[in-house]
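Structure, as structure tokens:
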Amino acid sequence: MSEKKSGNLKWIAIAILAAGILGAGCGKSNADAETSSTASDTEKNTAVAESEQPEANETDSQEETEAPQEEESQQEESDETIYEIGGSASLQDWTISVTDAKIVDSVSGDYLSYNPNEEGNKYLQVFVTVNNDGKKADNFLPSFGIGDDVSSKVLYSDGYEFTATNLLGYNNELHDSTINPLSSQTGEIFFEIPGTVAESTEELIIQFSSGNDTLKFKIR
């Protein structure tokens, strides 16, 4: 073989080897590019998923927070103590005991007789003993109460409320009773109620209030 031909074959072999190396490099570059593109898409999708996830977690957390609050509120309502007739409990500086209750058509005092203002109405007569646990004389159930003065009302059925009726001149009327410290007084509180309420079998509750504090007794 001539020297010239041998040299040409040598250069052809070098060219073929170089082409193979370049092809492999391009293939690798394309593969890396595809891998990089796939990784980029995966990272993008992961970022979107993560950005949406906190909102769901936040909603779940809010629902979990609201649920215990509702349960706690319902539990507080169910845990409220309602005393029976004959029981006693404290309200601010007073110890109050409801000893009896009855419904009457009218009330007779030493000098006057009292009848309901509306025909068909009746009186709910509640017998109460109250003790002043404070260190000074105080007025129980003032006619014009302010601040923490004690007031009373009767609760009936689904949210009906009846305010007390002050029978002026009636000897045992408990309104406007000034009671000395460490002393007690027994008297009566009257509520004018419709005949339908008087004849109903649904429960009646007398509630005493002082500021934000309340005390309840079931009287029927």
From the list I193, I146, I206, pick out the single residue that is within 34 Å of the chain's Cα centre (by Cα), within 22 Å of S108 (Cβ to Cβ) and either not acidic (D, E) or not assigned by TED's automatic domain parsing to the domain that holds D100 (or both). I193
Would region 164-177 turn up any residue that is of a type in the set (F, W, Y) and closer than 17 Å to E118 by Cα? no
Single residue of region 179-212 satisfying the filter (among the β-branched types (V, I, T) and exposed (fewer than 12 other Cβ atoms within 10 Å of the Cβ)) that is modelled with the highest pLDDT: T196
Any chance you could count how many residues in region 156-177 are surrounded by 12 or more Cβ atoms within 10 Å (Cβ to Cβ) and assigned to a strand (DSSP E or B)? 6
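The rows are residues; the columns are (1) aromatic (F, W, Y); (2) more than 13 Å from E192 (Cα to Cα); (3) modelled with pLDDT under 95.
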{"site": "Q75", "(1), (2), (3)": "no, yes, yes"}
{"site": "W94", "(1), (2), (3)": "yes, yes, no"}
{"site": "S97", "(1), (2), (3)": "no, yes, no"}
{"site": "K122", "(1), (2), (3)": "no, no, no"}
{"site": "T129", "(1), (2), (3)": "no, yes, no"}
{"site": "G134", "(1), (2), (3)": "no, yes, no"}
Condition met for D105 (in the same structural domain as S183 (by TED's automatic domain parsing) and modelled with pLDDT of 95 or more): yes
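The values are calculated or read from the model by the stated rules, or taken from the named source; none is laboratory data. Keep in mind that what you see is a predicted model, and the values were worked out from it rather than measured. Using ideal geometry, Cβ is built from the backbone for each residue, glycine included, and neighbour counts are taken over all protein chains shown.
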